[in-house]
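> Sharing a structure below in structure tokens format, with a few things to ask.
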């Protein structure tokens, strides 16, 4: 659906070319929710703006729906952009217009609908985002979450097939963030939209995304299914995101006769007493050092770091027992 092939982007700053993206390769499937996570300055905002050519790459190809965007003339590009909605961190609503007029404005620019059809579409969208009573209010009368819902409705006005979210929840409190993410997830499921979002918050990725790319210094350093990338991070940047989100540092390595292991639980294994059963069967002790259980999108998951004490043979048998029950066991480095 969306492909970026060897994309580079540099900006001219005085007499110097400053690279923002360096050889980006991404493939985003139709109908999925794809997240791009990175710290400030990593290049994620530049990347998402390439998908509707608000930023043009210095080199490389951007292909959406089989169309090479760089081959489009200005009129064709305008037509393409009608199929791509975008929501922003700070809402970008027009303060002099009502909620209804803000949503209708996107349709007026295209100029293909009658006033009656636009009004009907506005009502449909307000019902979708839960703001049917706010049609005639102005942005200053709305909360941050309500403003973002208007922004989402406006982005959907022209029936896009792709929705781009540029830090769409970073200006919101945690409870409002959850409600906006639930709305985006419902929109993805009901409308079969492809959603691409950028964020610096790992909980946003965990809550909503199917797959994720981690960007650092203008390069994609890791990508894949969210469960794989965040439960088994391979790159230092990804590991830092995991540690920041969990609020603890990497556990110490083996010491004083203890082996330290990271154990990952998915699906049914989350809800079963596999740890205590293995400890009883093999006569070992297990001390939990840190961890977290919850959900990645709708899949139950958990990851803990533990110290395992016992005779080497018993420890080995217990770890093999756990692996046979679907628990991933990785020894932490010394």
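> Could you check region 314-330 and list, in sequence order, the residues that are touching a strand residue (DSSP E or B) at 6+ places or on another chain (Cβ under 8 Å) and closer than 14 Å to residue 286 by Cβ?
Here is the first cut: in region 314-330, the ones touching a strand residue (DSSP E or B) at 6+ places or on another chain (Cβ under 8 Å) are 315, 318-319, 322-323, 326-330.
Of everything in region 314-330, those that are touching a strand residue (DSSP E or B) at 6+ places or on another chain (Cβ under 8 Å) and closer than 14 Å to residue 286 by Cβ turn out to be 315, 318, 319, 322, 327, 329.
> Check region 53-64 and report whether any residue there is free of Cβ contacts under 8 Å to residues at least 24 places away in the same chain, surrounded by 13 or more Cβ atoms within 10 Å (Cβ to Cβ) and in a helix (DSSP H, G or I).
No, that holds for no residue.
> Filter region 1-31 down to the residues that are free of Cβ contacts under 8 Å to residues at least 12 places away in the same chain and touching a helix residue (DSSP H, G or I) at 6+ places or on another chain (Cβ under 8 Å) and list them by number.
Hits for region 1-31: nothing passes.
> Here's a follow-up. May I ask you to list the residues in region 67-82 that are exposed (fewer than 15 other Cβ atoms within 10 Å of the Cβ) and touching a strand residue (DSSP E or B) at 6+ places or on another chain (Cβ under 9 Å)?
Of everything in region 67-82, those that are exposed (fewer than 15 other Cβ atoms within 10 Å of the Cβ) and touching a strand residue (DSSP E or B) at 6+ places or on another chain (Cβ under 9 Å) turn out to be 68, 70, 76.
> If a residue must be under 13 Å from residue 260 (Cα atoms) and in contact (Cβ under 8 Å) with a residue 40 or more places away in the chain, how many such residues does region 304-334 contain?
Residues in region 304-334 being under 13 Å from residue 260 (Cα atoms) and in contact (Cβ under 8 Å) with a residue 40 or more places away in the chain: 14 in total.
> Kindly indicate whether residue 126 is assigned by TED's automatic domain parsing to the domain that holds residue 194, crowded, with 16+ Cβ neighbours inside 10 Å and either outside any loop (DSSP other than H, G, I, E, B) or at pLDDT below 95 (or both). First the steps, then the outcome.
On the way: assigned by TED's automatic domain parsing to the domain that holds residue 194: yes; crowded, with 16+ Cβ neighbours inside 10 Å: yes; either outside any loop (DSSP other than H, G, I, E, B) or at pLDDT below 95 (or both): yes.
Yes; evaluated as a whole, the condition is true for this residue.
> For region 65-94, which positions are closer than 23 Å to residue 111 by Cα, outside any strand (DSSP E or B) and out of contact with any helix residue (DSSP H, G or I) (no Cβ under 8 Å at 6 or more places or on another chain)?
The answer is 73, 74, 75, 76, 78, 79, 81, 83.
> Another one. Criterion first (surrounded by 18 or more Cβ atoms within 10 Å (Cβ to Cβ), closer than 27 Å to residue 229 by Cα and not assigned by TED's automatic domain parsing to the domain that holds residue 232) does residue 274 satisfy it?
Numbers: surrounded by 18 or more Cβ atoms within 10 Å (Cβ to Cβ): yes; closer than 27 Å to residue 229 by Cα: yes; not assigned by TED's automatic domain parsing to the domain that holds residue 232: yes.
Yes, satisfied.
> In addition: How many of the residues making up region 277-294 are touching a strand residue (DSSP E or B) at 6+ places or on another chain (Cβ under 8 Å) and loosely packed, with under 14 Cβ neighbours inside 10 Å?
6
> Right, something else. Please determine whether any residue of region 156-173 is in the same structural domain as residue 197 (by TED's automatic domain parsing), assigned to a helix (DSSP H, G or I) and surrounded by 20 or more Cβ atoms within 10 Å (Cβ to Cβ). Let's see the steps before the verdict.
First, pick out the residues of region 156-173 that are in the same structural domain as residue 197 (by TED's automatic domain parsing): 156-173.
Cutting the leftovers down to assigned to a helix (DSSP H, G or I) gives us none.
Within region 156-173, none of the residues are in the same structural domain as residue 197 (by TED's automatic domain parsing), assigned to a helix (DSSP H, G or I) and surrounded by 20 or more Cβ atoms within 10 Å (Cβ to Cβ).
> For a quick check of your reading: which strands (runs of 3 or more DSSP E) sit entirely within region 240-334 and have at least 3 residues that are modelled with pLDDT under 90 and either more than 30 Å from residue 186 (Cα to Cα) or under 28 Å from the mean Cα position of the chain (by Cα) (or both)?
Working: elements: 259-266, 285-296, 299-309, 328-331.
Ranges flagged: 259-266, 285-296, 299-309.
> So, one more: Mind checking whether some residue in region 95-110 is touching a residue at least 24 places away in the same chain (Cβ under 8 Å), assigned to a strand (DSSP E or B) and in the same structural domain as residue 197 (by TED's automatic domain parsing)?
No, the conditions are met nowhere in region 95-110.
The values are calculated or read from the model by the stated rules, or taken from the named source; none is laboratory data. What you see is a predicted model, and the numbers here were worked out from it, not measured in a lab. With ideal geometry, Cβ positions are generated from the backbone for all residues, glycine too; neighbour counts draw on all protein chains shown.
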